[in-house]
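Everything below concerns the one structure shown next.
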Amino acid sequence: MENKNLVELKNIRKVFGKVIALDNVTFTAAKGEIHGLLGENGAGKSTLMNILYGLYSPNKGEIYIDGKKVRIDSPFDSIKIGIGMVHQISTLVPEFNAVENIILGTPKDKFKLPIKEERRKVKKIMEELGLTFPLDVKTKELPAGVKQKIEIIRALHKGAKLLILDEPTTSLVESEFRQLLKSLRALVKKGVTVIFITHKIKEIMESCDSVTVLRRGKVQDTIDKEQMTKEKLVKLMFMEKDIKVTESALPKVELPAIKRSKKPVCIVKNIEVKGKEKSKGLKNISFEVYGGEIFGVASVSGNGEKELASAMINPSLLSNGDILVNGESIKHLSTLSVFNKGVAYTPEDRIKEGILNDGSIKENVLLGHHTEKRFLEKNLFINWNEATKAARKTIKDYNVATPSEELAIRRLSGGNIQKVIMGRAFVSPTDLLITHNPTSGLDVLTVEFIFNKLVETRNNGGAVLCINEDLDELMIISDRIAVLHNGELKGIFQRSEFNKYKIGLLMIGG
Amino acid sequence: MKKKNIIQNGLLTKLLRSLSLYGLALLIAFGLISVIIALLGFSVPDALKTLITTSFKSAFGFQETIKKTIPLIFTTYAFTIPFMIKFFNIGAWGQMLFGGTAVAAVGLLIGNFGLPSFIMIPLLVVVGILAGALWGWFAGFLKAKYDINPIISTIMLNFVAVLFVNFIATSPTFKDPLEGHPITRPLPSSAILGFFHKIPYSIIFAILAIIFVYILLKKTKLGYEITSVGYNLHAAQTYGINFQRTIMLTFLLGGALAGLGGALEVMNIHGKLIEGFAKTSGAQYGVFGILTSLVVAGSPTGVPVAAFFMAVLLVGADALQRTMQIPVEMVFLSQALIVLLIVIIRKKFEPNGGK
């Protein structure tokens, strides 16, 4: 009898120290389907799939592929069985082009590299899936979406009949996600099974044939497409808490009508920034942000949003124009002096630019504030007592899950790290908050928390400049949205004029 | 209250764990050393006893150990501080020589003015610090302004410093006419630091340096900035810390400490500038400073203990050669084995490679 399940994981248990990451988890995925694996951060999704891929070994449990019991000790074993995994962070060799990356580790001949043959094979797979990407460009020069395609092709080239995608949409924009979905559909038609790990309900609804929901290391339920509803999935994911969600499965927040300040907190006047590498920089950008409003800047990654964020806190990057905060020009100020004028910042890439990985939460909260009077004695010594107080206040106000402010920040989850970064922005009085993709990669509960903090800032009369590539999010929290494309401002919309189609089209230059 | 206990317990287990790892590494290293000694036909118990206990058996052994610990502390810091922001200062050797040479030259030039000790000694100490700081800062400057790899620049600056020693030691202005070798005239007695029960007074400066480095790194703004850059350069820069300035300052500080170490060697141990200073003590402390720092994974707090431990080995090794005629190569071999095994064991057993 033909087995209809390709993968069966039975009674998997995995313990890290004292933490039970997976508790008696049983998971099956049928042949030729896209099977979602849904759960908030830390629910055990990645752990489960890393066990299947051989990166972790389970403390208990069995793995069956095609009905046969298998033993997987390393990715070497899983690749042989036909399992491929695309991780959240690119594992390509940046100096190699697509073909070199794809064939890495496959040629059997020790001395000859059959690059022409392999290239033909790679092209064939690409054609079958309707994927196109340059084969001869070093992968470090390619955008995230393309790198991901290369990783998928690499897994297929190694003969994968099961493809695991770990949070594949983290660095994709809407149109890239659509394209990914199309390719996955083509794959499934050829009989490949796809496991799609995500914490976004919207993506599960749009892409999966069935879904397994994990919560705190336990399977909540497995349901088919017909029975999937937003409300049901939210309930399974969070159980104890009822949160309101919008059409796009994002948390709902209220923007009460308040009077914005008479004078703008921040005036950006005709600024220009020279672009680095492929980016075109910024050309003649002007806008104003008032107290009591959230001013959204919508931009597809690579259209100048990075330059805008950097120039706001590091005005030495400006080649032209001026930025005024509370009426004073900050053009000639250093980053620390800009912060001292009441500007706060949360960067886009929270791990790379946001935190001191091995540093404690306390050291992290202090970053950027360490030259303020409150934290500096005699202009020389750090006042660690004040720093401890500030860190404890942040932990309390922002519900950071940690035993102490001395804990190394890298041991926190992504959501808690973002809370610390957000808390750091409010350690000192803040007139203008510049925040770049504040919710990327976070689960709905944390997103709701961050949204509420931004709105609270606005309601208290603060000015918020939120640069974001997720238009759905901006439409929920912004009072106004400006569109940035190719380094130019393509219009500013009032909340009453928000229209997803119209703004989305401007974002891609239509 | 309860929370605090948990943290302290955590620290204690961490300390015990770390000690047991060092113990394991030493055990394996001494095991291997024993095998080699046995193969060479020497008595293993005698050799091990000599290697480990020479420093503690006699007053002389202990004094020798302290004499070696002091300069090692300085050169180890010279490597450790730039290493905190992931740069290699191979130049502690040159910075030490430059400090020592500057002290000898200035000390002899102003020697006839009849300045009293309480002016002469602080003055020369400052000269040594400034000279070393200049030599270190220059490598940092080359990195910050022209992106020149400090490994290259510090090695080159070492060579220049060696030649500078030769230049001063052979120049007619400074050379002792009574000596056949290139050696300067002795420094005036007002410039000489004495001994207290054969322990050099330079130990006071070493203790001050330990306190200084601790306060600098743990309590000051600059220390926080250095630590932050070490943790994550991108984040530190994003939040306004000036990376170029931090590079120059770490090399300046490292150089200053090595320069002080060199000054103290000249003022306390040699009493004059000997050409051999470049090859024997300078090179030895320069290289062993790097090893000592790596043994404690570049952790500044571990430096004094590690330097003392290394000095025990150095003294024990000298004794091996002197009393048992075990070839000197054997001595280097055992030191290398110990350092390698500590590094390997730590990488293997400690998460994050001991950080």
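The values are calculated or read from the model by the stated rules, or taken from the named source; none is laboratory data. Only a predicted model underlies this, so the values are computations on that prediction, with no experimental measurement involved. Cβ: placed from backbone, ideal geometry, glycine included. Neighbour counts: every protein chain shown. Remember, those area values only see protein heavy atoms, side chains included, never the ligands or the DNA or RNA. Shrake-Rupley method; radii C 1.70, N 1.55, O 1.52, S 1.80 Å.
Below, the figures for the structure above:
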quantity: Residue in the stretch B:263-281 that is of a type outside the set (Gly, Ala, Ser), surrounded by fewer than 22 Cβ atoms within 10 Å (Cβ to Cβ), part of a helix (DSSP H, G or I) and at pLDDT below 90 present; calculated: yes
quantity: Condition met for B:Ile66 (touching a strand residue (DSSP E or B) at 6+ places or on another chain (Cβ under 6 Å) and surrounded by fewer than 24 Cβ atoms within 10 Å (Cβ to Cβ)); calculated: yes
quantity: Flag for B:Gly254 being open to solvent by less than 10 Å² (accessible area, probe 1.4 Å), more than 14 Å from every other protein chain (Cβ to nearest Cβ) and part of a helix (DSSP H, G or I); calculated: yes
quantity: Failed criterion for B:Leu187 (all others in (1) within 16 Å of B:Ala102 (Cα to Cα); (2) in contact with a Lys or Arg (Cβ under 9 Å, 6 or more places away or on another chain); (3) part of a helix (DSSP H, G or I) hold); calculated: (3)
quantity: Condition broken by B:Leu51, with the remaining ones in (1) within 17 Å of the chain's Cα centre (by Cα); (2) assigned to a helix (DSSP H, G or I); (3) of a type outside the set (Lys, Arg) satisfied; calculated: (1)
quantity: Answer residue from the stretch A:283-304, given it is in a strand (DSSP E or B) and either hydroxyl-bearing (Ser, Thr, Tyr) or within 14 Å of chain B (Cβ to nearest Cβ) (or both) and is least open to solvent (accessible area, probe 1.4 Å) among those; calculated: A:Tyr290
quantity: Residues satisfying the stated conditions in the stretch A:415-441, i.e. closer than 17 Å to A:Thr402 by Cβ and either open to solvent by less than 10 Å² (accessible area, probe 1.4 Å) or assigned to a helix (DSSP H, G or I) (or both); calculated: A:Gly415, A:Asn416, A:Ile417, A:Gln418, A:Lys419, A:Val420, A:Ile421, A:Met422, A:Gly423, A:Arg424
quantity: Pairs, first on the phi < 0 side of the Ramachandran plot in the stretch A:173-191, second in a helix (DSSP H, G or I) and among the hydrophobic types (A, V, I, L, M, F, W, C), C-beta under 6 Å, six or more apart; calculated: A:Ser183/A:Leu129; A:Ala186/A:Leu129
quantity: Answer residue from the stretch A:330-368, given it is more than 9 Å from chain B (Cβ to nearest Cβ), open to solvent by less than 20 Å² (accessible area, probe 1.4 Å) and touching a residue at least 24 places away in the same chain (Cβ under 8 Å) and is farthest from A:Leu412 (Cα to Cα) among those; calculated: A:Gly342
quantity: Conditions (1) away from chain B (no Cβ under 14 Å); (2) open to solvent by less than 60 Å² (accessible area, probe 1.4 Å); (3) on the phi > 0 side of the Ramachandran plot; number of the one not met by A:Asn326; calculated: (2)
quantity: Single condition A:Asp224 does not satisfy, out of (1) open to solvent by 60 Å² or more (accessible area, probe 1.4 Å); (2) touching a helix residue (DSSP H, G or I) at 6+ places or on another chain (Cβ under 9 Å); calculated: (2)
quantity: Within the stretch A:305-317, considering residues that are farther than 18 Å from A:Arg480 by Cβ, in contact with a His (Cβ under 9 Å, 6 or more places away or on another chain) and not basic (Lys, Arg), the one surrounded by the fewest Cβ atoms within 10 Å (Cβ to Cβ); calculated: A:Ser316
quantity: Yes/no for A:Ile72 being open to solvent by less than 70 Å² (accessible area, probe 1.4 Å) and over 27 Å from A:Glu8 (Cβ atoms); calculated: no
quantity: One residue from B:Gly298, B:Gly282 being within 14 Å of chain A (Cβ to nearest Cβ) and within 15 Å of the chain's Cα centre (by Cα); calculated: B:Gly298
quantity: Positions within the stretch B:222-250 being in a helix (DSSP H, G or I) and open to solvent by 50 Å² or more (accessible area, probe 1.4 Å), in sequence order; calculated: B:Tyr231, B:Leu233, B:His234, B:Gln237, B:Gln244, B:Arg245
quantity: Residue list for the stretch A:369-380, filter: facing chain B (nearest Cβ under 8 Å) and open to solvent by less than 30 Å² (accessible area, probe 1.4 Å); calculated: A:His370, A:Leu376
quantity: Among the candidates A:Glu473, A:Glu456, A:Glu448, residue that is touching a strand residue (DSSP E or B) at 6+ places or on another chain (Cβ under 8 Å), under 23 Å from A:Glu254 (Cβ atoms) and of a type in the set (Asp, Glu); calculated: A:Glu448
quantity: Criterion (more than 14 Å from chain A (Cβ to nearest Cβ), open to solvent by 10 Å² or more (accessible area, probe 1.4 Å) and more than 18 Å from B:Ala144 (Cα to Cα)) met by exactly one of B:Ile203, B:Ile215; calculated: B:Ile203
quantity: Lone qualifier among B:Ile110, B:Ile70, B:Ile81, B:Ile85 - being touching a residue at least 40 places away in the same chain (Cβ under 8 Å) and farther than 21 Å from B:Ile247 by Cα; calculated: B:Ile70
quantity: Matching residues in the stretch A:288-311 - criterion: being in contact with a Leu (Cβ under 7 Å, 6 or more places away or on another chain) and under 15 Å from A:Ile267 (Cα atoms); calculated: A:Val289, A:Ile294, A:Phe295, A:Gly296, A:Val297, A:Leu308, A:Ala311
quantity: Which numbered condition A:Gly159 fails, given (1) modelled with pLDDT of 90 or more; (2) small (Gly, Ala, Ser); (3) open to solvent by 10 Å² or more (accessible area, probe 1.4 Å); calculated: (1)
quantity: Residue that is surrounded by the fewest Cβ atoms within 10 Å (Cβ to Cβ), among those in the stretch A:461-510 that are polar (S, T, N, Q) and without any contact (Cβ under 8 Å) to a residue 40 or more places away in the chain; calculated: A:Ser496
quantity: Residue match in the stretch B:93-102 (condition: touching an Asp or Glu at 6+ places or on another chain (Cβ under 6 Å) and of a type in the set (Gly, Ala, Ser)); calculated: yes
quantity: Residue within the stretch B:228-246 that is under 25 Å from A:Asn385 (Cβ atoms) and of a type in the set (Lys, Arg) present; calculated: no
quantity: Answer residue from the stretch A:393-414, given it is away from chain B (no Cβ under 11 Å) and over 22 Å from the mean Cα position of the chain (by Cα) and is surrounded by the fewest Cβ atoms within 10 Å (Cβ to Cβ) among those; calculated: A:Lys396
quantity: The stretch A:174-199, subset touching a Leu at 6+ places or on another chain (Cβ under 9 Å) and in a loop (DSSP other than H, G, I, E, B), residue nearest to A:Leu52 (Cα to Cα); calculated: A:Val192
quantity: Residue within the stretch B:78-90 that is in a helix (DSSP H, G or I), assigned by TED's automatic domain parsing to the domain that holds B:Pro186 and within 30 Å of B:Ser189 (Cβ to Cβ) present; calculated: yes
